[in-house]
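Input: a single structure, listed below in structure tokens.
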């Protein structure tokens, strides 16, 4: 007579329900959202004004830096790239206009010292409009005569010429002596330049 081998019966354990996972309900998973990890929160998205042209250049530069920091994250929000490009384009346009204005101003008026003829000369749009005649002796420069062309006497260029002559003498450490009546009138109207004139 044969006896079947005995086996130790082990009590069966029922699987305990664990906490629900995101995969337990596929419909609840948002596959369009980027995965979030602890500490992955990036810089705050700045508010972009609807009219960028109304913002100052300083405000645009600050906004440009803020948008760049947001773009430098792993998952920049939708639309930040377009806002950043709009701000950069407007800044470049303003810088180009500022450069054009500076170049235009430099071309319109040019002051120079002509030591051969002993005079300071002022040019406007490439044409000499006036000069200040001088002579130099012992560290002093005597401003003898101011001449402005008849077509430019009402254009306000004479004060520009006299001012540049005084400043040029000051930069060269020369004491200007105003013999010319036009220079004397300028000093009366602009007393802040009288400090450049030596006493006695």
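Bear in mind these aren't lab numbers, they're just calculated from the coordinates by the rules spelled out. Everything quoted here is computed from the prediction, not taken from an experiment. No Cβ is skipped: glycine too gets one built from the backbone with ideal geometry, and neighbour counts run over all protein chains shown.
For the pair residue 62 and residue 138, how long in nm is the line joining their label points, each one 7 Å along Cα→Cβ?
Those two pseudo-labels are separated by 5.9 nm.
Sequence gap at least 6, Cα distance under 8 Å: using those rules, report the relative contact order of the stretch 115-196 to the nearest whole percent.
After rounding, I find 26 percent.
Modelled label-to-label distance, residue 189 and residue 128, 7 Å Cα→beta-carbon offset: nm?
Going by the 7 Å Cα→Cβ label model, 2.4 nm.
Once you have the Cα-Cα distance between residue 53 and residue 92, take 0.36 nm times their residue separation minus that, and quote the gain in nm to one decimal.
Between residue 53 and residue 92, full extension yields an extra 12.8 nm.
What would the Debye formula give as log10 I(q)/I(0) at q = 0.12, 0.15, 0.25 Å⁻¹ for the alpha-carbon point model of the stretch 115-196, no solvent?
Result of the Debye calculation: -0.31, -0.49, -1.30.
Return the whole-Å distance between the Cα centroid of the stretch 43-81 and the Cα centroid of the stretch 144-183.
After rounding, the separation between the Cα centres reads 50 Å.
Could you pull out which residues in the stretch 184-200 have an amide N less than 19 Å from a spot 7 Å beyond the Cα of residue 173, following the Cα-Cβ vector?
In the stretch 184-200, the label zone of residue 173 (backbone N under 19 Å from the point 7 Å along Cα→Cβ) covers 196-199.
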